[in-house]
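Here's the structure, in structure tokens; my notes come after.
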Amino acid sequence: MASDPAVAQVTMTLAALAATANTPRPSGEKLEQQAARIIRGIDAQLGDPSLATQGAWELAWLALSDANANMAYIARSTDGSNQFAVVARGTDADLTDILEDLEVGIVVPFPESKPPKPIDVSLGAKQAFDRVVGAYSTAASPIPNRRLFDALAIALTAAPQSPRPTVCLTGHSLGGCIASMLALYLQANPLPKNPQFAVMTFAAPTAGLQNFADFFGTRQWVVDERQNNAYDLVPHAWADLDVTKDWYPSPGPQATDEVKSKIDNISKRTKGHVYVQPGTLCLMNPGYTVLDEDLVNKTTQDFLGQVAFQHANDTYLGLVGAPLVPAGPKVEYVTPTFGGPGQEVTIYGSGFSQDCVVDFGPFACKDKEPVIDPSGTKITARAPIGFGVVHVRVTNDLATSPAVAMGQFAYGGPAPVVVNKVGPRRGNVGTSVTVGGSGFADGATVHFGNQVSDSVKFVSTGQLIATAPDQPDVSQTVDITVTVGEHTSPTSPADEFTYTGR
């Protein structure tokens with residue numbers, strides 16, 4: 001843990017806020033509109049006294065790079081401590097896509113840190129760094145139309161001389177990787193009031209080679225900590241990613257052959273370059289005591305799901321003992337699940353605020369049409385023009401709800417076929433299993449993996465009862481899928497059934 005738990009709680013909270021509104025609205029919005037939405041969301045959370053930041057920070061500057069690739073912001077304390085935080089957000093993408101797409105097979109010099117001898121970082125990390133330091137804030141930023149270094153200089157100029165200003169670099173995931181580079185860059189260039197520097201990163205993959213880590217270690221930091229969940233795969237990139245192929249301890253999930261092959265392929269992207277983590281490691285969760293207990297089966301889906309859980313902002317906030325940041329909107333299900341333009345649809349979920357807007361795939365509902373229930377759990381909207389099967393998603397200043405299978409709407413029908421619950425989750429050949437979901441019909445076919453159930457009872461469009469068929473391997477975990485006509489339900493961890501014998 002951190003030498004001062006309060007420091008870790010505050011910096012991890014600031015790092016988590018960088019994920020605010022990190023995806024554009026599905027129906028589309030300009031970069032300036034998204035940046036303004038992020039600013040509103042971060043402002044609201046920085047003013048929240050229930051968070052670890054205790055309402056004692058305010059936003060000073062924020063910039064979103066082209067194509068929403070990276071974001072960074074500067075916050076300053078308002079409690080007289082004269083602290084500044086430079087917070088980086090990494091690339092907004094799927095976790096495995098980040099690891100696969102980041103260019104680590106090529107290393108390039110990092111002269112911006114003004115080292116006495118050349119130091120090397122990955123091309124991908126350098127490109128992300130360049131996007132952050134080159135991005136200009138929008139007119140909605142408290143310090144508008146400035147790049148990061150100039151904005152920090154302006155903020156420091158306005159700061160008191162005493163106590164000596166402290167600039168803390170922080171970030172989660174690739175944001176932490178970028179923060180380690182920003183720390184060297186900012187420290188190497190004169191700034192008003194001669195600030196001291198601290199570095200506190202979370203879940204960060206490494207940016208560079210041994211010479212990068214060595215140079216980082218020679219600099220003076222008032223705090224220098226690299227906070228890593230012991231069972232987070234991402235910080236092992238790119239120093240020792242292979243060790244994660246032996247994960248996870250009991251109760252699992254253990255890596256499948258597909259997962260091991262994926263990790264092998266990702267590891268090879270370094271092309272022989274030896275990456276080294278900078279800074280002082282502070283290891284969390286050494287006993288694998290924090291995990292998603294619904295993701296423990298030996299399947300690729302469960303392994304990747306557990307990877308995402310172990311890496312998540314909320315997991316890190318819990319590990320440092322900080323309150324979770326406010327959750328954005330989440331869609332649980334919609335009804336009805338099919339119809340045409342103008343169809344009234346009720347959206348059920350959580351975190352629905354009065355500023356929420358609704359999209360059906362790439363098409364927006366009319367601004368004045370969605371009616372948000374005061375409970376924050378229900379929205380009524382009319383389907384806009386559209387076609388095919390789309391995800392219904394809700395956006396506010398905090399986030400856009402993730403796409404979920406039960407939140408699909410089919411223009412013209414039939415209803416999307418979805419399995420979202422099975423029970424029991426374990427059993428022998430012949431076990432009677434209740435399958436929950438949507439879009440079911442009399443005559444539906446139920447597969448347990450590749451084997452067809454020979455006994456299926458139709459209960460309703462949301463429920464079937466099927467008997468588990470025999471399998472060549474009766475100790476495996478399989479997906480239960482339902483086929484109605486030509487439509488088959490997508491797979492997910494929610495449809496898994498584990499055989500325990502015959």
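Cα convex hull of the stretch 246-288: mean projected area in nm², to one decimal? Mind dumping the intermediate values first?
Details: hull surface 17.4 nm².
If I average the Cα hull's projected area over directions, I get 4.3 nm².
With +1 on each Lys and Arg Cβ and -1 on each Asp and Glu Cβ, and nothing else charged, work out how big the dipole of the stretch 15-60 is about its Cα centre, in Debye to the nearest 20.
Dipole magnitude for the stretch 15-60 comes out near 180 debye.
Out of 53, 189, 124, whose Cα points farthest toward the positive end of the dipole of the stretch 47-195 (charges: +1 Lys, Arg; -1 Asp, Glu; placed on Cβ)?
Positive-most Cα among the choices belongs to 189.
Treating only the Cβ of Lys, Arg, Asp and Glu as charged (+1, +1, -1, -1), what charge dipole size does the chain show about its Cα centre? Round to the nearest 20 debye.
940 debye
Beyond 27 Å between alpha-carbons counts as too far, so tell me which of 126/262; 30/368; 271/298; 378/457; 421/457; 245/330 fall in that bin.
Beyond 27 Å between Cα atoms: 271/298; 378/457; 245/330.
Starting from the stretch 96-162, pick out the chymotrypsin sites (Phe, Trp or Tyr not before Pro) whose DSSP state is loop and whose Cβ has at most 16 other Cβ atoms within 10 Å.
Hits after loop and neighbour filter: 136.
Taking 30 Å as R0, compute the FRET efficiency from the Cβ-Cβ separation of residue 289 and residue 194 and round it to 0.05. Intermediate values should be presented prior to the final figure.
Details: r = 43 Å, r/R0 = 1.43.
That gives a FRET efficiency of 0.10.
Could you give the length gained on full extension between residue 452 and residue 130, defined as 0.36 nm per residue of separation minus the Cα-Cα distance, in nm? Intermediate results must be reported in sequence, preceding the final value.
Details: separation 322, 0.36 × 322 = 115.92 nm, distance 5.38 nm.
The span from residue 452 to residue 130 would gain 110.5 nm if fully extended.
Using a 10 Å cut-off on Cβ atoms, rank the peptides 21-30, 38-47 from the highest mean neighbour count down.
Numbers: 21-30: 17.6, 38-47: 20.7.
Taking the mean over residues of other Cβ atoms within 10 Å, the ranking is 38-47, 21-30.
Report the FRET efficiency, 1/(1 + (r/R0)^6), for residue 50 and residue 502, where r is their Cβ-Cβ distance and R0 is 45 Å, rounded to 0.05.
Efficiency for this residue pair is about 0.25.
Past the 20 angstrom mark, what percentage of all C-alpha to C-alpha distances in the stretch 40-188 do you count?
For the stretch 40-188, the share of Cα pairs beyond 20 Å comes to 51 percent.
Where does the stretch 418-499 land on Rg(C-alpha)/(2.2 N^0.38 Å)?
Computed over Cα atoms of the stretch 418-499, the ratio equals 0.95.
From zero up to wherever the largest Cα-Cα distance of the stretch 278-404 sits, split into 5 Å bins and tell me the percent of pairs in each.
2, 10, 16, 17, 14, 12, 12, 9, 5, 3, 1, 0
Which FRET efficiency, nearest 0.05, do residue 264 and residue 428 yield, Cβ-Cβ r, R0 30 Å?
Efficiency, rounded to the nearest 0.05: 0.30.
What Kirkwood hydrodynamic radius do you get for the chain when you take the inverse of the mean 1/r over all pairs of distinct Cα atoms, in Å?
Evaluated on the chain, it is 24.5 Å.
How far, in nm, would the chain grow between residue 149 and residue 441 when pulled straight, counting 0.36 nm per residue and subtracting the alpha carbon separation?
Difference between extended and current length: 99.0 nm.
Report, ordered by chain and residue number, the aspartates and glutamates lying within cross-link reach of residue 260, taken as a straight Cα distance under 19 Å and ignoring same-chain residues fewer than 8 apart.
Partners found: 94, 97, 100, 101, 232, 240, 242, 246, 302.
Calculate the tail of P(r) for the stretch 330-411: the fraction of all Cα-Cα distances greater than 14 Å, expressed in %.
53 percent
With runs of 4+ DSSP H residues as the only contributors, calculate the mean residue ellipticity of the chain at 222 nm using -39,500 (n - 2.57) per run, divided by the residue total and rounded to the nearest 500.
-6500 deg cm²/dmol
Any read-out appearing in this document is the output of simple, stated calculations on the displayed coordinates, not a laboratory observation. This is a predicted model, so every value here is computed, not measured. Virtual Cβ from ideal backbone geometry, glycine too; neighbours counted across all protein chains shown.
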